[in-house]
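Heads up: the structure comes next, in structure tokens.
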Amino acid sequence: MTSSVYLSLLRNHIDITHVPFSDRGSRLLIFQKPHQSRLLVKLAERLTKVQPDIEAYLRRPPFIRDLCLVDGAGEALEFEVETSPQALYFRTRLGEFGLVFQDKGTLAFGLPPQATAGLRFHVSPQFWEETEGGGIFKAIRNLAYTSNGEAVHNRITPEEGGYLVEFVVQAGDDCAITLAVGEDVDLHHEVLPFSSSCVAAESRWEDWFNRVPPVAEPYRRTYAYAWWIMANNLISAHGRVAYEAMTPSKINYIGLWLWDNAMHALAYRHVDPELARNQIRAILACQLPDGMLPDAVYDEGVVSEIEHPFRAEVTKPPILAWAALKLHETDPDLNFLQEIYVPLVRWNAWWFSMNDDDVDGLTQYNHPYSSGLDDSPLWDYGMPVESPDLNTYLCVQMGSLALMAEALGMNDEGAMWRRRAAAIVRRMVEDFWDEEAGLFWVLHNEEPVPVVTPFNLYPLWTGQLLDHIRDRLIAHLTNPEEFWGEYIIPSVARNDPHYDPETMWRGPVWVNINYFFIEALRQVGEYDLADTLLQKTLDLMMSQPSIYEYYNSETGEPPATAANIFGWTAAVFIDLAIQASLEEESVSPGRPL
């Protein structure tokens, strides 16, 4: 398929009342106010030097709000918007306005030819608050606006909360008004003809979609949207973000998260292996002296400790080595393996040296968020916990390190990793396995945590279990009263008292977990079950107009709290759609994808 087909599939598919119009590398997010001809611009930045609270960005008001298109008399124009990845077009009684990114920090508004028209907006370039002893004022970001048209009306009026800007110009045939936003004091820039910015924007997106592997027709619309998310959520290198990398969602998650970056690399390896490698490098660049990898990385710092629900170090599950090996299988690069091998070994050692209080060879979570399953009922009974999911991740990681070591010519070291991986499986069977229940229990204070989740089945992914244990786990997985059914796999068993299909990790479907189980089922020879799970996962995502963090396991709808345009959901859809299409092609060779 050509890039123009993908761009056509996305025409008016991007709903800017809920998801941002942005561009690769940019930290500017443009939304339309629902049911109003008004736009707003938010910043995909934490700005902890302004507000130290690392979650303040979730509550920060827009940097630019109530942006109106206006006529020569300054009257606001009603509009109908047409969306696409490369541009927005606004149909008004005065003619058509446009909006593209001239560059990652500059918005270009195209004006109707020969019209007298412009913009009116409210900007809040400062943050201020009263304190017990007085007050503080801090800069948020700077803004410069200008035009290649002739200014007719230009006024800046101080208002509560910022400034009202009214800017009207006499347009020529190819006129633009630009808004440049950044931390530089000098934001001087050239205003390009609007047509030039449009051509450049379309070229950027065509280049992106031209790299995309083909898939079968049923998957194409969601596939195109998923690839748009994979580019739209990218932020440029800045500060502690050492490489261009992807935020999980520019709306809800500002920065890079450890295991999200691993999942994002799954998709990027199909279009740009170096971009995929940079997702892993961006996390390893922030490794702490003791080998720990932080939970999250953002421009101004890292998140390696959190105070709620109690103060402790926080990281995320160890799947970077697994993702790096998948990338190496797609695009072999021994130099990259050499580059990341020692940091990954140090990361693996940190888990065993700092997270095994009873020194039994099984590691523990010391904070709920380190699991990635923030509000799972598995943590309701207290911390720390020894959990089969964490120790399965480490088994998979050590198996991946074995293959890396062998690829680098270190066969004895590879054999050591295989022995260690096998040993952790034996320890899980000895400590976690309950023959009567047919489950691997999570333990707190050496006692089973009475919650049944897919994570109690995770050791299936090791591929090293005795047949009768494997069969018991598969029986649980395929039991419709627990995990199987129309929407699978719920994050808590349906017949468990803790099950809640609307609440994050307490029942909804998370497709990254499905992805791990698809791989696990294939490893143990359950190919039909793996194919069923794969197709149900794709069908679930295709049933919705956007791509979400998680899905209600009874209805398939996204709960209100699920983040929109979510990165690893898009990445999983892409990888599974490619897998499914290749399988269909092998069954019906010669049929065009």
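Each reported figure results from applying straightforward, stated rules to the coordinates on display, with no laboratory input. Being a predicted model, the structure only gives us computed values, none of them experimental. FYI the Cβ positions are ideal-geometry reconstructions off the backbone, even for glycines, and counts take in every protein chain you see.
Things to note:
- Dipole magnitude for the chain: computed about the Cα centre from +1 point charges on Lys and Arg Cβ and -1 point charges on Asp and Glu Cβ, it is near 1360 debye.
- Judged by the mean number of other Cβ atoms found within 10 Å, the most tightly packed of the peptides 33-41, 196-204, 107-115 leads the ranking 107-115, 196-204, 33-41.
- Ranked from largest, the principal axis spans of the Cα set of segment 118-266 equal 55, 53, 27 Å.
- Shown here: the chain, whose C-alpha atoms stretch 80, 71, 50 Å along the first, second and third principal axes, sorted largest to smallest.
- Using alpha-carbon coordinates, inclination of helix 567-587 to the longest axis of the chain, degrees: 70 degrees
- With an a/c value of 1.5 or above and a/b larger than b/c for the gyration tensor axes a ≥ b ≥ c computed over the alpha-carbon atoms, segment 76-186 is described as prolate.
- Residue-averaged [θ]222 nm for the chain, counting only DSSP H segments that reach four residues, each worth -39500 (n - 2.57): -11000 deg cm²/dmol
- Whether segment 238-279 is rounded, prolate or oblate, judged on the alpha carbon gyration tensor where a/c under 1.5 counts as rounded: oblate
- All C-alpha to C-alpha distances of segment 201-257, sorted into 10 Å bins beginning at zero, yield P(r) values of 20, 44, 30, 6, 0 percent in whole numbers.
- According to the Cα-based calculation, Rg over Rh for segment 398-456 is 1.18, with Rh computed by the Kirkwood formula.
- Fewest-first sequence of 308, 270 by Cβ atoms within 10 Å of each Cβ: 308, 270
- Global geometry of segment 1-143, whether rounded, prolate or oblate, following the gyration tensor of its Cα atoms and the 1.5 cut on a/c: oblate
- Restraint check, 104/326; 33/250; 138/316; 33/316; 49/326, Cα-Cα greater than 27 Å: 104/326; 138/316; 33/316; 49/326
- Estimated translational D of segment 323-419 in µm²/s (Stokes, Kirkwood radius over Cα pairs; 10 °C; 1.306 mPa s): 108 µm²/s
- Applying both filters, DSSP loop and at most 13 other Cβ atoms within 10 Å, to the GluC sites (Glu not before Pro) of segment 404-490 gives 435, 436, 446, 481, 486.
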